[in-house]
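Undergrad: Let me give you the structure first, and then I'll get to my questions.
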Ligand code: HEM
């Protein structure tokens, strides 16, 4: 509830800040054109440039001729900040593109949760092949039996699920199938509106390139997923070890999902909030002070999340189910047992869990320091709310982590802990976005202190 209030407050105030664009009015000189010039310098790709531009410019937008180039250069300085806007076709376009991008980010969030559920219900190795475009699920009893026969050849069936009933197999199969198809559906949800908005001229070159990169990451995520699953279908190194996907590949899959989510959420914020909420120079100075701490803490949150992926990948949540001590000691004796030393940080159950505990504790403490050191600072109320929300979320996440560990990683808590990590990252994204440096023209228009409304 608190978090939602903070987000709403940021968006509302940013809308007011963006009023500067409305007041100044739209100029005949289009920022699309400037964007295009940054990437395609004449005469190298003049032909391509005009063809591309005619698709991007919204109806009625003036296309300047090359002879106006000098005028454009001077205008470029005046409108430099407009260049940074990802959607320049008006507030309606900003709104619909923003909704679509926030929706896509929410879809990725749900994919992460579904992926966590798939892993925690041990369903991830039920489908033994993969096609980029996907296939229909088994539709008849005969097809189900065929799929089940394939699964019976896998090490997971032979070593862990021997004697499994077909009804049980159907459950794990449907979990994995849903996860894969949910991902493919995201591709469609992303690509179709993208083409439509491109056709309408809502998407600038800057935004277009960024979204293409995110789309490529999304397609790559499917490949990484299959690369991960394949490692779990291979025979384990010893007859005593259960089949498990490679922790490196699991961490790559989870980190890539987090990166796609962060990219989409950040881009959505930048579309609806081209300027940070800044109403006075004092608040801008306050935000700069917050930035110094917020950036390194965000990196720390990211590192903690990646270390969590290694905990999950090594099934390290099933060892040392005590807190704060790890068993009877604070630091297990075998943390540097593996050779070379570096392997311990990624493959040794004790070291991986110790790392995660240390990083999580450091995250919580630094979040407390951020809150404490900014509590008397003159900053925008929205920034203060987001800091408070982030601290609350970090405390909740640590509580969830400890509960997950103490109760031997039940599906419900494990999934909540995974969703909690993404929620904490969301708070950090929101905070970093809210305390960005405003454009020069917004800075020039700001009073020293906030005027009483
Ligand atoms: C800021 C704090 C924390 C963050 C951001 C965080 C993040 C994560 C992430 C991203 C995962 C991987 C999730 C998955 O793939 O299922 C994970 C797993 C895990 N974390 Fe944390 N964590 C935090 C604190 C803690 C704490 C304090 C503990 C307990 C001491 C803990 C225990 C675990 C365990 C046992 C797992 C493995 C769960 C599984 O096998 O699914 N976490 N964590």
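Undergrad: In units of 2.2 N^0.38 Å, what is the alpha-carbon radius of gyration of the stretch 112-241? Could you put the intermediate results ahead of the total?
TA: Details: Rg = 18.2 Å, N = 130, 2.2 N^0.38 = 14.0 Å.
Against the empirical 2.2 N^0.38 Å value, I get 1.30 for the stretch 112-241.
Undergrad: Then there is this: For the residues 179, 417, 199, what sequence is obtained by ranking on other C-beta atoms within 10 Å, fewest first?
TA: Details: 179 20, 417 25, 199 11.
Neighbour counts put them in this order, fewest first: 199, 179, 417.
Undergrad: Still on this structure: At 7 Å along Cα-to-Cβ for each site, give me the label-to-label distance between residue 334 and residue 396 in nm.
TA: Between residue 334 and residue 396, the simple spin-label model gives 3.7 nm.
Undergrad: Return the distance in nm (one decimal) between the two label points of a simple spin-label model at residue 441 and residue 182, each offset 7 Å from Cα along Cα→Cβ.
TA: Placing both labels 7 Å beyond Cα along the Cβ direction yields 4.3 nm.
Undergrad: Which order do the peptides 321-331, 162-172, 366-376 come out in when sorted by mean C-beta neighbours inside 10 angstrom, highest first?
TA: Working: 321-331: 11.4, 162-172: 13.2, 366-376: 15.3.
The most tightly packed comes first, giving 366-376, 162-172, 321-331.
Undergrad: Beta carbons within 10 angstrom, averaged per residue: use that to sort the peptides 229-236, 344-351, highest first.
TA: On the way: 229-236: 16.0, 344-351: 19.8.
Result, highest mean first: 344-351, 229-236.
Undergrad: Okay, moving on. Whole angstrom only: what separates the Cα centroid of the stretch 83-158 from the Cα centroid of the stretch 159-191?
TA: Between the Cα centres of the stretch 83-158 and the stretch 159-191 lies a distance of 9 Å.
Undergrad: Calculate, for residue 213 and residue 167, the FRET efficiency according to 1/(1 + (r/R0)^6) with r their C-beta to C-beta distance and R0 45 Å; round to the nearest 0.05. Kindly include the intermediate steps, with their values, before the conclusion.
TA: On the way: r = 43 Å, r/R0 = 0.96.
The calculated FRET efficiency here is 0.55.
Undergrad: For 261, 177, what ranking results if the residue with the fewest other Cβ atoms within 10 Å of its Cβ goes first?
TA: The order, fewest Cβ neighbours first, is 177, 261.
Undergrad: Next question. Could you tell me how far the Cα centroid of the stretch 281-313 sits from the Cα centroid of the stretch 418-453, in Å?
TA: 14
Undergrad: Need one word for the stretch 213-297: rounded, prolate or oblate. Basis is the Cα gyration tensor (sqrt eigenvalues a ≥ b ≥ c); a/c below 1.5 gives rounded, then a/b vs b/c decides.
TA: Working: a/c = 7.03, a/b = 2.52, b/c = 2.79.
Taking the square roots of the gyration eigenvalues as a ≥ b ≥ c, the stretch 213-297 is oblate.
Undergrad: Using a Förster distance of 22 angstrom, determine the FRET efficiency expected from the C-beta separation of residue 315 and residue 158, and round it to 0.05. Walk me through the numbers before you get to the answer.
TA: On the way: r = 19 Å, r/R0 = 0.85.
Efficiency computed from Cβ-Cβ geometry: 0.75.
Throughout, read-outs are computed from the coordinates displayed, never taken from laboratory work. On a predicted model such as this, the values are computed, not experimentally measured, just so you know. Neighbour counts run over all protein chains shown; Cβ positions are idealised from the backbone, glycine included.
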